[in-house]
Amino acid sequence: MTFDYGEFSFASKEEMLEKSREFWNPGKTDFWVESGVPLVIDRREDYFIYDMSGKRLLDVHLNGGTYSLGHRNAEVTAAVTAAMAHFDIGNHHFPSLARTALAEALVSTAPAGLTKVIYGSGGGEAVDIALKTARHTTQRRKIVSIIKAYHGHTGLAVGAGDDRFSKLFLADRPEEFPHVPFNDLDAMEEALRGRDVAAVIMETIPATYGFPLPEAGYLEGVKTLCERFGSLYIADEVQTGLMRTGELWAISKHGITPDIMVIGKGISGGMYPVSAVLVTEQAAGWLTEDGFGHISTFGGAELGCIAGLKALEISNRPETRSMVHYISDLVVRGLREIQADYPDWFVGIRANGVVMGLEFAHPQGAKYVMRHLYDNGVWAIFSTLDPRVLQFKPGILLHPGLCEDLLDRTEVAIRKAWAEVRQTSPSRDKVPA
Ligand SMILES: Cc1ncc(COP(=O)(O)O)c(C=O)c1O
């Protein structure tokens, strides 16, 4: 059987994987094959993805919310398709119809006080913009983030994240990017008291760390410390924004108006890359001092802005909000029932809306569950910076019937993974890089 896609074709899945190794990324290709997830996504529709082999998977990875509205969401697809008759990427130097329209829509839905929008093409670039903006505003250089933070892999963002990724390219700069433990206000105060910190950047719920939830008062305390010591508060809402917690922006659940808010992933509608940074008037100074301070050919691409306008509008509908609360209650209730049967194995459920992390009692526990979920028709990914925890991210429009199906499949995978873990000697367990 030949896989013919018009512009290109492959004779078989094996040939495709071989060429992927040869011409694309041998490390990634081998990692997934060796992990028992030899996925090459072909067809995709709603919350389903299909491997080249035809195997169907319910997607609860969603690339961190990129596909929160489903794959090839019909309304987003229609908006972008119609826009292609008129718009393209646009010229990033000039005022633009689509960029201005999305900026106005974002400002009108954001926490009050965020009044200007700067665009990027991905989350990392948006984080870089946020950090540059904080440095310009405060004329300070240091950026504080949490240990196991993940803000992307671009120039500044990677320095604010875990050593695993910054050291690889000699981009770790501990004197400029101190990291402090999450949920530790004393450590945060210690880091800020020198009054030399431009900003604290904080994922509202740290995704790649496995969604540990902020303790009551923690984020509010960080904001107060920022105010006391003259540092800005940057909310990274790349994974938690766009209604995934049951509020459009998770940070508003804490009553915090950040100085800067970073948006990515889902704002693309899963259809056209775009990211955005919202800033207060106080932080917006460089936009008048030198409006060309950040230049990005694809930043705020017009087709991305059209996708963003539609994604924002769908995410912000009252019925979408109700749906998130409904799905969250249903799934968490089902997960608790499963947990009751495996209390020594399935040891934690972290949930805020449809942002969820499932914690297992083994250093690599989520990898076992991921593999069994894959075998059983569900795609969910382990947390890179804490592989005990499975990221479990249902879509915000997931049909209730599919939630029941998801829970049934999850129960089977958790049971089988537990049986495997008990059989496998820890010494044979492969520890990932
Ligand atoms: C919280 C957070 N911030 C920033 C990023 C970087 O986004 P991108 O991969 O689009 O550069 C990610 C990506 O996973 C993320 O999870």
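The numbers here are math on the coordinates, done by the rules we state, and not lab data. None of the values given here were measured: they were computed from a predicted structure. Every residue, glycine among them, receives a Cβ derived from its backbone with ideal geometry; neighbour counts consider all protein chains shown.
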A chain fully extended from residue 375 to residue 25 at 0.36 nm per residue, minus the present Cα-Cα distance, gains in nm 123.6 nm
Sorted by chain and number, the residues with a modelled amide H under 5 Å from that of residue 146, at a separation of 5 or more or across chains, are 180
Given the candidates 89, 103, 74, the one whose Cα lies deepest towards the positive end of the charge dipole of the stretch 73-174, counting +1 at each Lys or Arg C-beta and -1 at each Asp or Glu C-beta, is 103
If one builds a Gaussian network model of the chain from Cα atoms under 10 Å apart, the most fluctuating residue listed among 43, 135, 388 is 43
Taking 0.36 nm per residue of separation between residue 297 and residue 91 and subtracting their Cα-Cα distance, the length gained on full extension comes to 73.4 nm
Counting only backbone N atoms under 12 Å from a point 7 Å out along Cα-to-Cβ of residue 176, the residues of the stretch 140-164 in range are 141-143, 155-160
With N residues in the stretch 247-390, Rg(alpha-carbon) / (2.2 N^0.38 Å) equals 1.35
Of the convex hull drawn through the C-alpha atoms of the stretch 200-281, the volume per residue in Å³ is 97 Å³
Of all GluC sites (Glu not before Pro) in the stretch 223-320, the ones in DSSP coil with at most 12 other Cβ atoms within 10 Å are 281
Highest GNM mean-square fluctuation among 339, 364, 139, for the chain with Cα springs under 10 Å, belongs to 139
The set of residues whose placed amide H lies less than 5 Å from the amide H of residue 42, leaving out same-chain residues fewer than 5 positions away, is 50, 51, 52
Taking the reciprocal of mean 1/r across every pair of different Cα atoms in the chain, the Kirkwood radius in Å is 22.5 Å
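Mean Kyte-Doolittle of at least -1.0 plus a Cα span of 24 Å or more along the axis: flag which DSSP H helices in the chain meet both, please.
Working: long enough: 318-341 (36 Å, -0.29); 400-423 (35 Å, -0.41).
Long hydrophobic helices here: 318-341, 400-423.
Using Cα pairs under 8 angstrom and six or more residues apart, how large is the relative contact order of the chain, in percent? Show your work: numbers first, answer last.
Details: 859 pairs, mean separation 84.3, N = 433.
Rounded, it is 19 percent for the chain.
Rounded to a whole number of µm²/s, how large is the Stokes-Einstein D of the stretch 20-131 at 25 °C and 0.890 mPa s, given Rh as the Kirkwood radius over C-alpha pairs?
139 µm²/s
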Among 341, 128, 386, the residue with the largest mean-square fluctuation in a Gaussian network model of the chain built from Cα contacts under 10 Å is 341
Kirkwood-based Rg/Rh on the Cα set of the stretch 314-420 evaluates to 0.97
Computed Rg/Rh for the stretch 100-221 (Cα atoms; Rh = Kirkwood radius) stands at 0.97
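Arrange 119, 326, 209 by Cβ neighbour counts within 10 Å, fewest through most, would you?
On the way: 119 27, 326 14, 209 21.
In order of increasing Cβ crowding within 10 Å: 326, 209, 119.
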Both in Å, the radius of gyration and Dmax of the C-alpha trace of the stretch 290-360 are 19.6, 60
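Of all alpha-carbon pairs in the stretch 239-326, indicate the percentage at a distance above 23 angstrom.
Working: 1219 of 3828 pairs.
Within the stretch 239-326, distances greater than 23 Å cover 32 percent of Cα pairs.
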Treating only Lys and Arg (+1) and Asp and Glu (-1) as charged, each at its beta carbon, one finds that the chain has a dipole about its Cα centre, in Debye to the nearest 20, of 280 debye
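Report, in debye and to the nearest 20, how large the dipole of the stretch 38-114 comes out about its Cα centre when Lys and Arg carry +1 and Asp and Glu carry -1 on their Cβ. Walk me through the numbers before you get to the answer.
Values: 6 positive and 8 negative charges, 21 e Å.
Here the size comes out at about 100 debye.
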